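Working notes, structure below.
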Amino acid sequence: MSQSNKIISIIVVGSLIGIIVNEYRHDSDFDGVPNDEDAFPNNMNEWNDNDKDGIGDNEDTDDDNDGYNDTDDHFPENPDEHSDHDLDKIGDNEDTDDDNDGYNDTEDIDPLNDLALKFTFEWVELIDKQNNKEDAPLVFYLYQGEEELHRFDNGNMAWRVPWQQQFELNAEFEINVPDNETEHQFTVIAIYYKFRNPEEFDISDSNESYRATINYNLSSKSWEQGNNGTLDGSLDDSNENDDARIFVEIETYSFGYHLSYNWQYNAIEYQISYNFDPARYSYYTNQDHSIKEYEDYIHFVTKDEEAVVEIGEYLREIATEKEFSDLTEVNFIMSFVQALKYSEDNLTAGVGEYPRYPIETLVEQTGDCEDTSALLISILESLGYETAMVLIPEAWEGYGHAAVGVNVTGAEGIYYVLNEGKDNQIGYYYAETTTPGWKLGEVPDLNSKSAYVYEA
């Protein structure tokens with residue numbers, strides 16, 4: 001009996017040795033890459049050499065040998081590209097519209113920036129007194145051709161402008177403008193807003209209404225009307241005795257990253273657009289992205305960031321228009337986040353773990369589970385929902401997973417309870433963020449039912 005066992009053991013051991021030898025012949029360093037595909041068959045830490053410089057890509061800081069460090073290179077494996085100014089995944093050398101404003105670089109006044117104008121109505125002075133009243137109820141309109149661009153007023157009310165003294169307005173308006181047109185013409189009109197019969201303001205004996213034309217040159221960033229931005233309200237060809245003056249400042253600036261989002265909810269297509277401030281995006285990309293403990297993931301939630309707040313408001317406007325309940329609104333917002341492209345950190349950031357701040361995920365329109373979870377939490381928290389970060393270390397064999405917990409009335413399905421049996425007990429329903437179609441309380445096929453839950 002013992003001899004038989006020994007023989008069997010020898011056979012088994014011999015078979016294992018044979019398997020190992022065979023595997024060694026095909027994958028000498030046991031890194032999972034066959035020898036015929038492995039640039040470094042005897043180095044388990046390296047298997048690829050994109051630029052063929054003899055340095056493995058894991059060690060190489062410039063994988064395409066174009067002179068740009070991989071951390072600064074948008075295309076680390078393409079020697080012909082390194083920058084992507086508009087973040088559209090097309091390198092600037094190939095891209096014919098580097099700022100993604102719809103105008104070809106060859107005709108664009110500023111090919112790297114989508115240009116916009118900011119109008120600031122700083123003050124007005126009514127020099128000639130029109131009547132015996134103490135002031136005049138005024139609003140101002142900005143037109144381009146026949147199109148009304150903006151109404152300048154005092155919180156939807158008329159300004160009460162006193163006669164014969166400078167009156168501070170401090171009203172601003174921003175507008176994106178065509179980048180292939182040098183000259184842009186605008187008209188400023190003052191409206192006498194008394195009772196329910198607003199009329200164009202006619203000052204003194206000029207018999208002319210208070211309107212003025214601005215000719216703005218986008219290329220030279222200058223405009224031809226008035227002196228130092230001061231518009232003369234008199235159109236009677238008499239500059240000796242001005243009827244009124246208004247000081248307007250015009251500033252050219254970069255419009256930013258204007259991005260659109262398309263997604264589907266309950267078989268209906270939705271779209272929103274948002275213009276991101278490049279400075280805010282840059283601020284977050286320069287922050288520390290390291291993780292030491294599970295709880296650190298919650299630090300990437302930014303519910304007060306302006307872009308997050310405003311996008312949340314856009315989504316709520318749609319939900320309100322559709323008369324969604326709170327539960328339906330949560331599922332609707334989940335569908336917005338789920339529509340973002342899923343991608344692993346090692347492909348998008350070049351490192352194994354790189355948690356993104358919500359504005360990074362929104363601008364780049366991609367991320368992995370912890371990125372989209374931080375985004376969903378941030379949006380929901382900005383709208384007043386109670387949420388939590390759900391971390392499942394052993395979601396699948398060898399892989400962890402991040403999701404969101406949401407406390408909302410009417411939800412059903414899988415949830416996590418915190419402070420069970422206490423006065424502050426709360427249940428957070430599971431929200432999947434990585435794949436379209438999942439509703440609140442629905443959970444993918446996970447290996448583990450336990451999780452770490454961190455309240456936002």
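We did not get these values from a lab; they are worked out from the coordinates using the rules stated. Being a predicted model, the structure only gives us computed values, none of them experimental. Neighbour counts are summed over all protein chains in view; Cβ atoms, including those assigned to glycine, are modelled from backbone coordinates with ideal geometry.
Data for the structure
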quantity	calculated
Net lengthening on full extension, His26/Gln164 (0.36 nm per residue, minus Cα-Cα)	40.5 nm
Straight-distance crosslink candidates among lysines, where the alpha carbon sits under 25 Å from Lys449 and sequence neighbours closer than 8 are dropped	Lys292, Lys422, Lys439
Anisotropy class of the stretch 240-382 from Cα gyration tensor, a/c 1.5 cut	oblate
Partners for Lys133 among lysines (Cα-Cα distance below 19 Å; same-chain residues under 8 apart left out)	Lys194
GluC sites (Glu not before Pro) within the stretch 370-401, DSSP loop, no more than 10 other Cβ atoms inside 10 Å	Glu397
Order of Val417, Val443 - criterion: other Cβ atoms within 10 Å of each residue's Cβ, fewest first	Val417, Val443
Glu394/Arg151 FRET efficiency (R0 60 Å; Cβ-Cβ; nearest 0.05)	0.55
Under 23 Å from Lys89, Cα to Cα: lysines that are on another chain or at least 8 residues apart	Lys341
Extension gain, Thr187 back to Thr61 (0.36 nm per residue minus Cα-Cα distance, nm)	39.9 nm
Candidates per chymotrypsin sites (Phe, Trp or Tyr not before Pro) in the stretch 101-201, loop by DSSP, up to 10 other Cβ within 10 Å	Phe195
